1. Output the peptides 117-128, 53-64 sorted from most to least packed, where packing is the average of other Cβ atoms within 10 Å over each peptide's residues.
2. Please list the non-local residues whose amide H lies under 5 Å from the amide H of Val118, H modeled 1.01 Å from N, same-chain partners needing a gap of 5 or more.
3. Taking 7 Å along the Cα-to-C-beta vector as the label spot, tell me the Leu93-Arg42 distance in nanometres, rounded to one decimal.
Amino acid sequence: MAARMGDLVEPPDTGRHFTEGMEQFHHPRPVCSGSEPSPQRRRLLAGLSGRVLEIGAGDGVKLTCYPESVDEIVLVEPDPFLRAAAKRIAEHLSTPVRILDGDLRHLPVEDASCQAVVCSLVLCCAARVQETLREVRRILVPDGELRFYEHQRSGNPAVTLLESLAAPLWSRAAGGCRPSRDTLAAIREAGFVIENLDRFAFRHFDHILGVARLSTG
């Protein structure tokens with residue numbers, strides 16, 4: 001179970017010993033298997049280079065999964081507890097890391113300044129997902145990539161109905177997560193073209209993992 005702010009005065013000492021980590025604080029997914037990135041995390045980050053923005057810190061362990069070809073990692077996280085935990089991880093990395101406080105609707109990053117933006121179990125939590133994706137568009141260089149690993153609405157109509165009915169309670173319990181959101185459609189509506197996509201189930205919820213670029217049409 002995720003720790004609450006009132007349970008701990010300071011974040012866990014993740015800088016001393018890296019754990020397998022979590023993708024997000026409220027609905028964890030394993031980041032590492034032993035000392036190696038999970039297969040999903042490895043695919044999400046494979047081949048990245050230059051300056052990369054990731055939205056959402058988790059506990060920071062996922063910073064250790066980036067390839068050496070990345071010049072700088074910019075991490076935007078509104079929760080001070082998670083920022084502190086991520087900073088402890090960043091201190092042990094050779095790749096420069098900037099960890100910033102920011103809102104999903106107003107990311108504190110310059111226009112056209114990143115070769116890639118990574119969204120991992122974040123778009124399903126965005127209150128206004130199109131505003132977040134507009135920010136992603138603003139930050140990406142013209143040929144930049146959106147890498148995503150997200151909840152996706154089920155393709156089964158009966159399951160979709162159950163997800164919709166459970167969404168209000170689930171959202172309150174899981175940090176704003178909306179498993180009934182059609183995240184893939186939202187990405188396309190924001191003007192991205194899907195280049196690579198894998199769809200799979202994890203704990204009975206559909207997920208999508210892929211790469212998108214800005215449409216030039």
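1. Numbers: 117-128: 22.6, 53-64: 25.5.
The peptides rank, most packed first, as 53-64, 117-128.
2. Here the answer is Leu53, Glu54, Ile55, Arg147, since their amide H atoms fall under 5 Å of that of Val118.
3. In this crude spin-label approximation the distance works out to 1.9 nm.
Bear in mind these aren't lab numbers, they're just calculated from the coordinates by the rules spelled out. Remember, it's a predicted structure, so these values are computed and weren't measured experimentally. Ideal geometry is used to build each Cβ from the backbone, glycine not excepted, and the neighbour counts take in all protein chains shown.
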